[in-house]
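The values are calculated or read from the model by the stated rules, or taken from the named source; none is laboratory data. Being a predicted model, the structure only gives us computed values, none of them experimental. Cβ atoms come from the backbone with ideal geometry, glycine included; neighbour counts cover every protein chain shown.
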Amino acid sequence: MKKSPIQRMVVNEMRRMYDAGNPDRMTLSWDSNPYTVDQVIYHQLEMLRSRARQQARNNDYVIRFIQVLQDNLVGANGFKLRSKAKTKQGKPALKVRQLVEGLWSEFEDTVDLIDLEKQIVSAQVTDGEAFIHLRIDSSGMLWPELVDPCLIDINYNEEHNGNPIIMGIEYDTHFKPVAYHVNDTYEKPHPGVGNLTNYSGKRTRIVAANMLHVFRKLFVGQKRGIPWVAPSLGRLFQLGEAEKAALTAFRIGAAKMGFFRSEANDEYTGDEESGEMMLNAEAGTFENIGNLTFETFDPTYPTGDYAPFVERVLKGISSGWGVDYHTVGNDLSGVNYSSARVGSLDTREYYKSLQTWMIQTFVKPLFNAFIELSHFHGSFGAMPYTSATYKQAQFVGRRWDWVDPQKEANSKKTLYEIKAISLSQIIRERGDDPEDVFNEIAEENAMMVKLGITPTQVFSAILPEEDDDEEVKENATTK
């Protein structure tokens, strides 16, 4: 039967379109429903969060991922504040800057801000979001307190005074958060199983001004966070199960050496006491299951293909996480200066973008709330400035040592000599304040002149002495 021209035209047109958009037998299992991000989150967030938390408790690579992010986003010293307060004439207000930085440093120590920031990073991996309640105690002190995301119930979708509540968050007509509805167990915590889910139905309404919702918006209209490990959870779980199976096969292969069987095919009766069949994999075991021909048992798995398989899976996972493979897998084999530098530079740029995101969503809003409260309580004394002046600030995250310090330093020196870069820019790239570094150098030089010492003498005192005896050097090299 001859096909109509219209049918032939449709077939021809389909061939000119995207292969991924063609429905055929090879793509029948490929989901093509146009779900919104909120639909996906509403149906799967609780499951994704539970599984991500389970992996964070039991999966070595997820634990490593959390550690790497905490070390590189927050680091040992957190985010450094550099007050940029200026006078009405536009000049640096040095006294104001010193006062702001001093008050903020005290606040950081009081609330243990660095530890809080690391917990927020960890929450992004397992929960995809963090809620920070900005409490004010009876003395007027600001206390940022983490709230478990489970307590902002995604199944709570109603209205409050005409405002829609979507997945526990109340919005105005422009879909700007107005308040967060927290399960009553937050105010009256009770230890033990079920305290996050078995509650009376009462909720505490916390206005948006007193709650920070920190999460990365990856999709248009996204209202709740998605665990950062979510795209890799399936692969992580299967890799873990494969490793368990390989370990079991290895243990059996190392323990079970052989069997005895009967040529007459006598029935195996098992253990004499219980009569039950027992197949124990204990080292050096020869088990008699009849009379009495010996059959060797020599499983060969895991084979040489196992390590490349694990490596390939981890490379895919690390790509989804934005972290280089040799960091996640603790595998430095085959890494040289060039490859390490390329991988590290790319990963560090990702860390910088995450640092900027965290500063914008958590650190700076917390700082602004701290300044407002400090200004309200008169902590800045009689200085004639508005709170906006004190809020002029810059935060800088941790920076990293060069992969090869000598090569990188020579490169920076060359760029400076040809006027392609300034000393201030080099210092800023290392996470320091040029003004602070220049002042420290000036003070250091003045002190050395006063004491009558030179930098060469200082380096001789702090660096290990080189052994000039060539024979000793040769012997040390040989050893």
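So that you can scan it fast, the table gives a plain yes or no per residue for (1) out of contact with any Phe, Trp or Tyr (no Cβ under 9 Å at 6 or more places or on another chain); (2) more than 21 Å from residue 397 (Cα to Cα); (3) not in a loop (DSSP other than H, G, I, E, B):
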{"residue": "105", "(1), (2), (3)": "yes, no, yes"}
{"residue": "108", "(1), (2), (3)": "yes, no, yes"}
{"residue": "121", "(1), (2), (3)": "yes, no, yes"}
{"residue": "125", "(1), (2), (3)": "no, no, yes"}
{"residue": "133", "(1), (2), (3)": "no, yes, yes"}
{"residue": "138", "(1), (2), (3)": "yes, yes, no"}
{"residue": "150", "(1), (2), (3)": "yes, yes, yes"}
{"residue": "155", "(1), (2), (3)": "no, yes, no"}
{"residue": "164", "(1), (2), (3)": "no, yes, yes"}
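Mind checking which pairs have a first residue in the stretch 92-121 that is within 21 Å of residue 215 (Cα to Cα) and a second that is assigned to a loop (DSSP other than H, G, I, E, B) and not hydrophobic (A, V, I, L, M, F, W, C), Cβ under 9 Å, 6 or more apart or different chains?
113/78; 114/75; 114/77; 114/78; 117/78; 118/78
With 52, 76 as the choices, which residue is surrounded by fewer than 13 Cβ atoms within 10 Å (Cβ to Cβ) and under 24 Å from residue 121 (Cβ atoms)?
Just one listed residue meets the conditions, 76.
So which residues in the stretch 81-107 are closer than 27 Å to residue 353 by Cα, surrounded by fewer than 18 Cβ atoms within 10 Å (Cβ to Cβ) and of a type in the set (D, E, K, R)?
82, 84, 101, listed by residue number.
Determine, yes or no, whether residue 41 is farther than 30 Å from residue 387 by Cβ, in contact with a Lys or Arg (Cβ under 8 Å, 6 or more places away or on another chain) and either touching a residue at least 12 places away in the same chain (Cβ under 8 Å) or of a type in the set (Val, Ile, Thr) (or both).
Criteria met by residue 41.
Any residue at all in the stretch 409-429 that is modelled with pLDDT under 85 and part of a loop (DSSP other than H, G, I, E, B)?
Taking every residue of the stretch 409-429 in turn, none turns out to be modelled with pLDDT under 85 and part of a loop (DSSP other than H, G, I, E, B).
From the residues in the stretch 343-363 that are among the hydrophobic types (A, V, I, L, M, F, W, C) and within 14 Å of residue 124 (Cβ to Cβ), which one is surrounded by the fewest Cβ atoms within 10 Å (Cβ to Cβ)?
The residue in question is 357.
State whether one or more residues within the stretch 397-404 are closer than 22 Å to residue 71 by Cβ, at pLDDT 85 or above and not in a helix (DSSP H, G or I).
yes
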